[in-house]
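Structure record follows, encoded as structure tokens.
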Amino acid sequence: MVNITEKIKEIEEEMKRTQTDHTQEYHLGLLKGYVLPCSKLARLRAQLLEPGPGAGAGAGAGFDVSKSGDARIALVGFPSVGKSTFLSKITKTKAEVAAYAFTTLTAIPGVLEYGGAEIQILDLPGIIEGAAEGKGRGRQVISAAKTSDMILMVLDATKKAEQRALLEGELEAVGIRLNRDPPNIYLKAKKAGGMKISFSAPPKNIDEKMVYNILRDYKILNCEVLVRDENVTVDDFLDVIMKDHRKYIKCLYVYNKIDSVGIEYLDQLAREPHTAVMSCELDLGIQDVVDRCWKELRLIRIYTKRKGIAPDFSEALIVRSGSSIEDVCDQVHRTLKDTFKYALVWGASARHVPQRVGLGHLVADEDVVSIVAKPK
């Protein structure tokens, strides 16, 4: 592990020495590669973050928490920023809380009940600088964060700049992309025919030769590529190639301890994108953070009813925004589609009440759905 860490440092130093102008960008791309023959930067980090033979017994102790509920949120942050206090206030979980570092040594799960949904909240041990290189419990923390539907990054409002930049850097280094969509690049490997590379618009940061050379180094010799965004970079292209090692996750930045900053600075923080503010100490803004989590997760509630019986509004099916009647059927029972005839829908998604719809109809929050099956 020491040798891997030394190799990582060597590559990072080489990257610092390499100028990031257009002529050097391809070289930087190679240094950031995952499966290049020379085992470049990201692959070395992956070896540290994914325990294998020789990683030591108990490398993942305390992190084998089964994913449950309708969604999972990971609390990520430096030690002593208030994650455990926040968890204890929004769930029935009583995590150990103290005013010193590393109180939380394992992943502590809790359940947040909201609007009929059960959301698993995972309080992860505080990340320290160097987590992406396996320091502290970075390996387990980051692996758990990748399994989440959303990251809630808890920050000390008095240490905003330094904490946020370091945490984003650690997560970026292991392939977690916060509040970003996958690059607008189409890449399809083929069995023969060579490479066909095209651009929808003249690119600003990458050219056909760069794309060709990167693909060749990754041994993708037969493929079709269409770059649809003129602002695509080498890093974006590498993300597409290594899509199995990239995770695009929503992140809500939550600044705690707002009672320790001035009103003007607090107003500035609260207006930043993907941001919420609170004080666990004074019970300020906590419900606002919970409401924002629900909004960012984009979950919706669907109520079902049987013919001649009023719907039960005390129990909802939870599905993702953009779900269809087919998804609702899957939530009720995986075989329900086999006997599906049509559905009746009451609510915001219906043009008239009730509307008779098929499996492809998109549902809206708090719709009422009645499934009608084919006669046996």
Residues of the range 150-182 classified as part of a loop (DSSP other than H, G, I, E, B), modelled with pLDDT of 95 or more and surrounded by 17 or more Cβ atoms within 10 Å (Cβ to Cβ), total: 0
Hits in the range 168-179 (condition: on the phi < 0 side of the Ramachandran plot and touching a strand residue (DSSP E or B) at 6+ places or on another chain (Cβ under 6 Å)): I176, R177, L178
Residue satisfying condition, being modelled with pLDDT under 95 and either touching a strand residue (DSSP E or B) at 6+ places or on another chain (Cβ under 6 Å) or not in a strand (DSSP E or B) (or both), within set R334, R356: R334
Selection count, the range 214-262, where residues are without any contact (Cβ under 8 Å) to a residue 24 or more places away in the chain and part of a strand (DSSP E or B): 0
Checklist (1) touching a Leu at 6+ places or on another chain (Cβ under 6 Å); (2) of a type outside the set (S, T, Y); (3) not assigned by TED's automatic domain parsing to the domain that holds Q120 applied to V277, failing item: (3)
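The values are calculated or read from the model by the stated rules, or taken from the named source; none is laboratory data. Worth saying up front: this structure is predicted, and the values here are computed from it rather than measured. Reconstructed Cβ throughout: ideal geometry from the backbone, glycine too, with neighbour counts over all protein chains shown.
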